[in-house]
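Just so it is clear, none of the values below were taken in a lab; they were calculated from the coordinates. All values derive from a computational prediction rather than experimental measurement. All Cβ positions, even for glycine, are placed from backbone atoms using ideal geometry, and neighbour counts span all protein chains on display.
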Amino acid sequence: MSQILDQKFIEHNRQLILDHPPSLFVLFFTEMWERFSYYGMRALLVLFLTSAIIDGGWGWSRADALELYAMYTGLVYLTPILGGFIADKILGYRYSVALGALIMTLGHAFMAVETTTFVYLGLFALIIGNGLFKPNISSIVGQLYDTEEKKDAAYTIFYMGINAGAFLGILLCGYIGEKVGWSYGFGLAGIFMFFGMLQFWFAQEILGKIGLKPTGKFDLSDTDEAKEVVEESPKVVRDRLTVITVFAFFTIFFWWAFEQAGGSMTIFAGDYTDRSLEGNGAMLFKVFNTVLTIFPMLVITWVLFKLFKVTFSNFATSNSFLALSFIIIWGIVLWMLFREFSASNTEVTASWFGILNSFFIIAFAPLFSKFWEKKIITSGPIKFAIGLILLGIGFGILAFGSASIPQGAKVASVSMIWLVLAYLFHTLGELCISPVGLSYVSKLAPARLVGLMFGIWFASSAVANFAGGITGSYIDKITETYSMSVFFLIFTLIPIGAGLVLIVLNGTLKRMMHGVE
Ligand code: GLN
């Protein structure tokens with residue numbers, strides 16, 4: 001399924017960055033700003049809805065807010081089916097990404113107005129915009145490579161961009177939204193979505209013809225891509241599509257448990273974990289938190305300079321937008337760290353644990369990327385199984401850590417270490433599943449359906465987000481009837497069980513991939 005790369009693309013991508021074409025890093029930063037805005041806004045949404053009217057919020061009940069949150073996070077991953085289809089058939093991937101980014105910029109701007117109509121309009125725009133953006137930028141990544149070998153590594157790097165954005169978005173939009181004002185937080189998300197869009201738009205030539213025109217038709221007669229897939233029998237295509245569907249199905253179990261992060265795990269952090277630190281512990285935390293913030297910033301700034309070195313001569317405008325956004329971000333980060341360092345408050349916030357996930361991704365993604373390239377583990381189903389089992393182990397650690405919590409207790413004070421370890425295992429699992437999954441969709445889908453298949457891939461997250469929210473809401477009931485450990489054991493056993501089933505299916509699935517590794 002290799003594609004024919006055009007001359008312009010080859011010309012612009014001759015000089016590699018970290019062994020990959022510079023185009024990958026243009027997409028890396030575009031996705032980074034989009035995820036910055038997505039996760040930044042998401043971090044604020046429930047807080048904004050539930051905070052009192054006098055504090056600028058809407059004074060909603062927790063239940064109502066979580067319901068809207070579940071609907072939003074569900075729908076945002078459902079529209080990619082539509083967006084992928086539109087890109088395949090009408091707009092092409094590149095214009096779909098740009099249009100999606102524009103619609104999301106408007107969405108964030110609407111949110112910043114904060115009136116009822118504008119907030120709903122904003123959410124609607126974000127749902128539509130994400131549908132156009134997310135599956136299609138993911139699909140362009142795969143199209144940069146004419147062979148399959150480097151795709152796992154490429155998607156792992158891309159995934160690092162996703163999480164660099166998530167990390168900064170949660171940190172900065174969250175901080176500014178809560179401490180300065182909601183609309184500033186929402187607005188910040190919008191500004192960087194806008195910069196991300198401009199950076200992409202002015203660098204798009206670097207992609208040559210990639211993602212420009214839709215593949216058009218369902219019949220396989222008249223496109224470049226068609227010439228390649230046509231060799232492949234309908235049975236091969238059908239089998240591979242089935243494998244994508246099976247992978248998508250198993251990721252439902254993964255995200256269903258993983259997405260407890262924003263729900264029941266945050267409740268656990270808030271009400272059942274000892275977060276107060278004194279003396280040396282407090283000082284240590286401040287230092288750790290500073291390193292935790294500065295380290296990802298240094299890593300991505302280093303990537304930024306690498307990109308500038310290779311692309312500045314041809315793409316100065318795009319690079320300038322990137323530079324400007326980085327200058328602003330560094331300014332906000334340093335201001336925030338300084339403010340926090342001089343504060344005397346030493347309680348770790350409940351939401352702080354959430355950023356550990358993105359931090360661990362940024363720290364470990366380069367290792368994973370190299371590890372996949374070594375080809376020690378080549379089987380997709382086995383990687384998926386390991387991911388599910390690691391996630392299960394993470395919840396097992398939480399089950400163990402909460403063993404001391406009495407049945408039905410509404411508060412407790414267990415060590416923070418359990419959550420930190422759980423996030424570590426969850427992240428290691430995520431690196432085996434999520435970037436690898438993107439890579440497999442790109443390798444297994446026929447060119448004419450790649451957008452749609454990415455849409456289906458993300459739709460599994462829609463189901464998982466929704467089901468995860470519902471299951472999480474039973475935390476009190478299960479803790480009262482059984483115990484907190486039992487609650488976490490559910491998320492231990494089901495993913496591990498799913499992982500074991502995948503190991504059993506490994507042979508069959510590998511056969512059905514017909515040579516794709
Ligand atoms: N965290 C990843 C992202 O935001 C994966 C999301 C998903 O597939 N559910 O892109």
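Table for the structure above
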| read-out | value |
| --- | --- |
| Equivalent ellipsoid, the chain (semi-axes from 5 times Cα gyration tensor eigenvalues, Å) | 35, 28, 22 |
| Cross-link pairs Lys134/Lys375; Lys89/Lys370; Lys8/Lys370; Lys235/Lys370; Lys8/Lys213 - those with Cα-Cα distance over 25 Å | Lys134/Lys375; Lys89/Lys370; Lys8/Lys370; Lys235/Lys370 |
| Rounded tilt (10° steps) of 380-401 against the dominant C-alpha axis of the chain | 0 degrees |
| Positive minus negative residues near Ala409 (Lys, Arg vs Asp, Glu; Cβ under 13 Å) | -2 |
| In the range 265-347, GluC sites (Glu not before Pro) in a DSSP loop with at most 10 other beta-carbon atoms within 10 Å | Glu278 |
| Order of Lys134, Lys477 - criterion: other Cβ atoms within 10 Å of each residue's Cβ, fewest first | Lys477, Lys134 |
| Charge dipole of the chain about the Cα centre (unit charges at C-beta), most positive-ward option of Leu388, Ile332, Gly515 | Gly515 |
| Distance between the range 443-493 and the range 22-40 - C-alpha centres, whole angstrom | 24 Å |
| Dipole-positive endmost among Ala63, Ser442, Thr427 within the chain (Cβ charges, Cα centre) | Ser442 |
| Nearest-ten-degree value, helix 62-76 long axis tilted from longest Cα axis of the chain | 10 degrees |
| Furthest towards positive pole of dipole, Leu489, Phe29, Ile405, structure part the chain, Cβ charges | Phe29 |
| Per-residue [θ]222 nm for the chain (sum of -39500 (n - 2.57) over DSSP H runs n ≥ 4, rounded to 500) | -25500 deg cm²/dmol |
| Stokes-Einstein D for the range 259-312, Kirkwood Rh over Cα pairs, 4 °C, 1.567 mPa s (µm²/s) | 91 µm²/s |
| Rounded Å value of the spacing that divides the Cα centres of the range 297-349 and the range 139-204 | 13 Å |
| Folded to 0 to 90 degrees: helix 22-50 orientation relative to the chain principal axis, Cα | 30 degrees |
| Per DSSP, loop trypsin sites (Lys or Arg not before Pro) in the range 1-107 with at most 10 further Cβ within 10 Å | Arg14 |
| Inverse mean reciprocal Cα-Cα distance (Kirkwood Rh) of the range 420-517, Å | 16.1 Å |
| Val287, Val113 arranged by Cβ crowding within 10 Å, fewest neighbours leading | Val287, Val113 |
| Debye log10 I(q)/I(0) at q = 0.14 Å⁻¹ for the range 344-459, Cα point scatterers | -0.74 |
| Unit charges on C-beta of K, R, D, E only; dipole of the range 96-255, Debye | 380 debye |
| Taking Glu259, Glu34 and counting other C-beta atoms within 10 Å, the order from fewest to most | Glu259, Glu34 |
| Diffusion constant of the range 21-115 at 37 °C, which comes from Stokes-Einstein with the Kirkwood Cα-pair radius and 0.692 mPa s, µm²/s | 215 µm²/s |
| Cβ charges +1 (Lys, Arg) and -1 (Asp, Glu), total dipole of the chain, debye | 580 debye |
